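K.L.:
Before anything else, here's the structure in question.
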Ligand SMILES: [Ca+2]
């Protein structure tokens, strides 16, 4: 786990890194979380017991069922616990996410499976801020498909 100062440094330089490493991919479109966004609290029971979400600023990731963060098609703000496998299988967001972005300072890995109480499957998709506005653009399993509509588990750190 990187110490916090490194995380902040990475957040500050994220735009520069993205322009180098994602040459063939579109620039992410920024998203705005609507003021009336619905929250889906998927934190661990332990974290839920320790405090309300109104006191948190980290660990939130905005997920949408459609590309381009189209709130008309359904988007929610997911709250996760630090580095915890956040299982989507029994939620309305299983196998539907097409765009997503995390809080500034939060980085997440999106996975296509949930097995043995952990995220798993064929690799993972990196999501930070401003995130990725079209999962169809990102190759899954060496080109066997894309990351569109297959995410079932999320892990975030900050
Ligand atoms: Ca979708």
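K.L.:
Can you compute the modelled spin-label distance between residue 27 and residue 144, with each label point 7 Å from Cα toward Cβ, in nm?
P.N.:
Placing both labels 7 Å beyond Cα along the Cβ direction yields 3.5 nm.
K.L.:
Quickly work out the residue 126-to-residue 36 label distance, labels modelled 7 Å from Cα along the C-beta direction, and quote it in nm with one decimal.
P.N.:
3.7
K.L.:
Dividing the alpha-carbon radius of gyration of segment 37-158 by 2.2 N^0.38 Å (N being the number of residues), what value is obtained?
P.N.:
Working: Rg = 13.3 Å, N = 122, 2.2 N^0.38 = 13.7 Å.
Dividing the Cα radius of gyration by 2.2 N^0.38 Å gives 0.98.
K.L.:
For a Förster distance of 35 Å, can you work out the FRET efficiency between the beta-carbons of residue 68 and residue 116, rounded to the nearest 0.05? Mind showing how you got there, number by number?
P.N.:
Values: r = 34 Å, r/R0 = 0.98.
E(calc), rounded to 0.05, equals 0.50.
K.L.:
Let me ask you something else. Multiply the residue separation of residue 136 and residue 91 by 0.36 nm, subtract the distance between their alpha-carbon atoms, and state the gained length in nm to one decimal.
P.N.:
Values: separation 45, 0.36 × 45 = 16.20 nm, distance 2.13 nm.
Extending this stretch completely gives an extra 14.1 nm.
Coordinate-derived values only; no laboratory data. These figures come from a predicted structure and were not determined experimentally. A quick note on method: Cβ atoms are made from the backbone with ideal geometry, for glycine too, and the neighbour counts reach across all protein chains shown.
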